[in-house]
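Read the structure below first, then the notes.
The values are calculated or read from the model by the stated rules, or taken from the named source; none is laboratory data. Bear in mind the structure is a predicted one, so any value in this text is a computation, not a measurement. Neighbour counts run over all protein chains shown; Cβ positions are idealised from the backbone, glycine included. The accessibility values were calculated without ligands, DNA or RNA, using every heavy atom of the protein model including side chains. Shrake-Rupley method; radii C 1.70, N 1.55, O 1.52, S 1.80 Å.
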Amino acid sequence: LFIPHRRGYGRSPRHALVDQFRAEKQIEVRNRVQLELMDVHMRDVIGAIQYLEKLPFVDRNRIAVAGCSYGGSLTVFASERILPIRAAVNFAGGALSWKQSPDLRERMLRSVRAARVPIYLIQAENDYDLNPSRALAQELEQAKKPYQLKIFPAHGSSAREGHNFCVSGGKVWESEVFSFLNRTTQR
């Protein structure tokens, strides 16, 4: 398990695009900055995977990518790349941005159409917006790509708690996610 903090978040140093994204009030500009920032973070995801595959104790045939919310969107983007990954687990990617960002929607849909690995789409029923997972599943189905969709029962009593299901709901989703990973990362 390798959990890097993306630039400008967690323990990473500040980043100018992150500061701009957080401060921006105009939705169109904010959406544009978000996609620029995702390109920067995608390069970091690729770098993290390249780092992992060089470690002598890492089984290169069992590398998977998983992310929650913004990281879930990055996970979807990673699924179409030529990378040594065998599976992708998207927890609620796009749930906060789907409605107001048509460019993000199209980019995520385009990515799943080109997916090179199986994708597991997961959300709690009371997350902010279930449309991203449902639309991505529909796109994967039409493209005849391997995927699994699971909308779990409500987690907590608010949309925020539902969105944080990836972090605080591990006891609920862990057996299903690890089962998916075991199936998809075997030779």
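A few points about this structure:
- Tally, over segment 100-125, of residues that are under 23 Å from G156 (Cα atoms) and assigned to a loop (DSSP other than H, G, I, E, B): 1
- Inter-residue pairs, beta-carbon under 6 Å, first open to solvent by 10 Å² or more (accessible area, probe 1.4 Å) and in segment 84-96, second polar (S, T, N, Q) and part of a loop (DSSP other than H, G, I, E, B), 6+ apart: R86/T185
- A single member of N182, N131, N126 is buried (at least 19 other Cβ atoms within 10 Å of the Cβ), farther than 16 Å from T75 by Cα and either in contact with a helix residue (DSSP H, G or I) (Cβ under 8 Å, 6 or more places away or on another chain) or not hydrophobic (A, V, I, L, M, F, W, C) (or both), and it is N126.
For every residue, the table says whether it meets (1) open to solvent by less than 100 Å² (accessible area, probe 1.4 Å); (2) over 17 Å from D103 (Cα atoms); (3) hydrophobic (A, V, I, L, M, F, W, C).
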site	(1), (2), (3)
F2	yes, yes, yes
H5	yes, yes, no
R11	no, yes, no
D19	yes, yes, no
K25	no, yes, no
N31	yes, no, no
R43	no, yes, no
G47	yes, yes, no
Q50	yes, yes, no
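- Y128 part of a strand (DSSP E or B) and modelled with pLDDT of 95 or more: no
- Close pairs from segment 99-119: first touching a residue at least 24 places away in the same chain (Cβ under 8 Å), partner of a type in the set (F, W, Y) and assigned to a helix (DSSP H, G or I), Cβ under 9 Å, at least 6 apart: R107/F77; M108/F77; S111/F77; P118/F180
- Of the residues making up segment 59-99, those that are assigned to a loop (DSSP other than H, G, I, E, B), out of contact with any Lys or Arg (no Cβ under 9 Å at 6 or more places or on another chain) and either under 24 Å from K144 (Cβ atoms) or among the charged types (D, E, K, R) (or both) are D59, G93.
- Segment 52-65 - residue that is among the hydrophobic types (A, V, I, L, M, F, W, C) and free of Cβ contacts under 8 Å to residues at least 60 places away in the same chain and, of those, surrounded by the most Cβ atoms within 10 Å (Cβ to Cβ): V65
- Residues that are of a type outside the set (S, T, N, Q) and either in a loop (DSSP other than H, G, I, E, B) or modelled with pLDDT under 95 (or both) within segment 131-158 comprise A143, K144, K145, P146, P153, A154, H155, G156, listed in sequence order.
- Any hit, segment 73-80, residues being modelled with pLDDT of 95 or more, within 20 Å of L140 (Cβ to Cβ) and open to solvent by 70 Å² or more (accessible area, probe 1.4 Å): no
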